[in-house]
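Notes follow the structure.
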Amino acid sequence: MIEVKNVCYEYSPDEPSLGAAVEDINLTVEDNHFYSLIGHTGSGKTTLIQLMSGLLKPTAGEIYIDGINICDKKIKTRDLTRKIGVVFQYPEYQLFEDTVFSDVAFGPKNLGCDEAEIKNRVQKALKTVGLDESYYEISPFELSGGQKRRVAIAGTIAMEPDILVLDEPTAGLDPAGRDEILSEVKRLKDERGISVIMVSHSMEDVAKVADRVIVMNKGHIAMTGTLSEVFSKSDELYSMGLEIPQISKVILKLRENNVNIKSEIYTVKDAVTEISKLLKG
Amino acid sequence: MIRDITLGQFFPGKSLLHRLDPRVKLLWVLVYIILLFLVNTALGFTLYVVITAVLIKLSGIRVKMFFKGMRPIVFLLVFTAVINMFMTAGEPIFKLGFLSVTKEGIRIAVFMALRLMLLVTGTSLLTFTTSPIMLTDAIERILSPFSKIGVPADAIAMMMTIAIRFIPTILEETDKIIKAQKARGADFESGNILARAKAMTPILIPLFISAFRRADELAVAMECRCYHGGEGRTRLKQLKISKIDIESLCFIPVLLILVIFSRQFSLGLM
């Protein structure tokens, strides 16, 4: 569980005119939930996840992970990596080893795992992202963009954190690649009972996997709640430059035209079920 | 830490120093540096400090920025001052064990420190008031006569422009990679030198790969826009020597005379 209390972060405290990147952040991330962090470009999403993972120290406020104050100077980023694992935007650019296996093994090795444990973790992680043994000895630089992304994500999964943070994991991937990565992460969350925080710009992706949504606007947390709580406030989302899923717009229009359909529909799959129910009935 | 580098920083403005032709400024910095090494008396240094202070005032840039630029050379300053103080032969003032501080030593130490500080301030004055593009334009124009003997002036200028342009980009990229590897538990701080050097591989390899990728992409983008070298290329902003440039050039002989004059006046000890 992560508790963020009154956190503020300024990139250049020398120049107050630039303002804070995030301000007055209060947030609780509970166990075993799939969170989605949404917000307009520059709203402070990336800063917030870097704060939560201990890569940035807040200028004010405190952050606790499982009751441990991570702002404490004695806490090393390395010890935090067991609890919280971050996959940054375009993580494929961090690959450096000569084989896929050894690149994924970098994290567990840093945690001090022994040979057998490393092997076990790497195998599990690569299986989670859908890469079989034939990839182990290939150079990560020979892979396609989507496959590189998977290797990089596996690199963090292999550290087996309690909370997995993904910053736009599907940016720049084709639709099939997006869906695969999303469902793999969702499955991982369900199997291991970990929490996931995913930054995303695609409301469709959010609707597919998340059960909780955190909305950021201009460095503040604008809303938090379940998927339907947040998506029901479409006007507020519009005012922050955000949207609701396309299909939800269609449903809203249908309701405006006196079609008797429930409003809490955010995925095409749900819409199909509801509409066919309506047509039959 | 990585963001604190002031090297090559430019502060836009409209001061006299900003308006000077970059070629003139380049020449001035050259003269400033050469004459600085001719100065060897207290009078000469006083003169130099006053001139530099006036120039800083004229540039309209906060003095704080110049001190910030001096931060990286603090170690060098202290080191040379200490070495000079103890290692110069001459009349001893006091003894510290087997080391003795000499009058000549103190003199040389103070002068050397002043010289280094003025050197940094003088060159900072150039980079703070001249945009990198202007600077490379100036270098291109200065080198252009040599293109007849096969010096590719335009290519050199383009390379410099690109290199300067990519400093912030690469710094940002480095910062990102460091964070990503830290998130995977990489440790850059502990261990001996060898272990620390080895810990750099996860940063350097991705950095090199991305630098090559960027270079390749940039080359393609430039070719797509029909870049084919400097031949026949015209400029949006033509460099022109104006009245203030000529006036400022007239001060060069004045400074030269003042410096030579100051060499004749050693005031007592100094």
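For the reader, a short list of remarks on this structure follows.
- Taking the range A:1-85 and the strands (runs of 3 or more DSSP E) fully enclosed by it, no element has 2 or more residues that are outside the structural domain of A:I214 (by TED's automatic domain parsing) and on the phi < 0 side of the Ramachandran plot.
- Criterion violated by B:T123 - all others in (1) outside the structural domain of B:R19 (by TED's automatic domain parsing); (2) surrounded by fewer than 17 Cβ atoms within 10 Å (Cβ to Cβ) satisfied: (1)
- Counted residues, the range A:35-82 - those being polar (S, T, N, Q), within 14 Å of chain B (Cβ to nearest Cβ) and farther than 30 Å from A:K233 by Cβ: 2
- Of all residues making up the range A:151-184, the number that are on the phi < 0 side of the Ramachandran plot, within 12 Å of chain B (Cβ to nearest Cβ) and in a loop (DSSP other than H, G, I, E, B): 3
- Residue-level analysis places B:E104 among those that are of a type in the set (D, E) and over 19 Å from the mean Cα position of the chain (by Cα).
- With respect to the conditions (1) free of Cβ contacts under 8 Å to residues at least 40 places away in the same chain; (2) surrounded by 15 or more Cβ atoms within 10 Å (Cβ to Cβ); (3) within 14 Å of chain A (Cβ to nearest Cβ), B:A195 lacks only one, and its number is (2).
- Selection count where residues are more than 9 Å from chain A (Cβ to nearest Cβ) and on the phi > 0 side of the Ramachandran plot, scope the range B:172-192: 1
- Hits in the range B:223-240 - residues which are surrounded by 11 or more Cβ atoms within 10 Å (Cβ to Cβ) and under 29 Å from the mean Cα position of the chain (by Cα): B:G230, B:L239
- Hits in the range B:26-57 (condition: surrounded by 15 or more Cβ atoms within 10 Å (Cβ to Cβ), among the hydrophobic types (A, V, I, L, M, F, W, C) and either over 15 Å from B:L119 (Cβ atoms) or under 18 Å from the mean Cα position of the chain (by Cα) (or both)): B:L26, B:L27, B:W28, B:V29, B:V31, B:L35, B:L36, B:A42, B:L43, B:L47, B:L55, B:I56
- Just one of the listed residues (A:V272, A:V259, A:V268, A:V250) is within 12 Å of A:A207 (Cα to Cα) and surrounded by 11 or more Cβ atoms within 10 Å (Cβ to Cβ), namely A:V268.
- Residues that are in contact with a Lys or Arg (Cβ under 9 Å, 6 or more places away or on another chain) and over 19 Å from A:D167 (Cβ atoms) within the range A:200-228 comprise A:M223, A:G225, A:T226, A:L227, listed in sequence order.
- Selected residue (criterion: farthest from A:L95 (Cα to Cα)) from residues of the range A:108-150 that are among the small types (G, A, S) and in a loop (DSSP other than H, G, I, E, B): A:G112
The values are calculated or read from the model by the stated rules, or taken from the named source; none is laboratory data. Just so you know, these numbers come straight off a predicted model, no measurement behind them. Methodologically, a virtual Cβ is constructed for each residue, glycine included, from the backbone with ideal geometry; neighbour enumeration extends over all protein chains shown.
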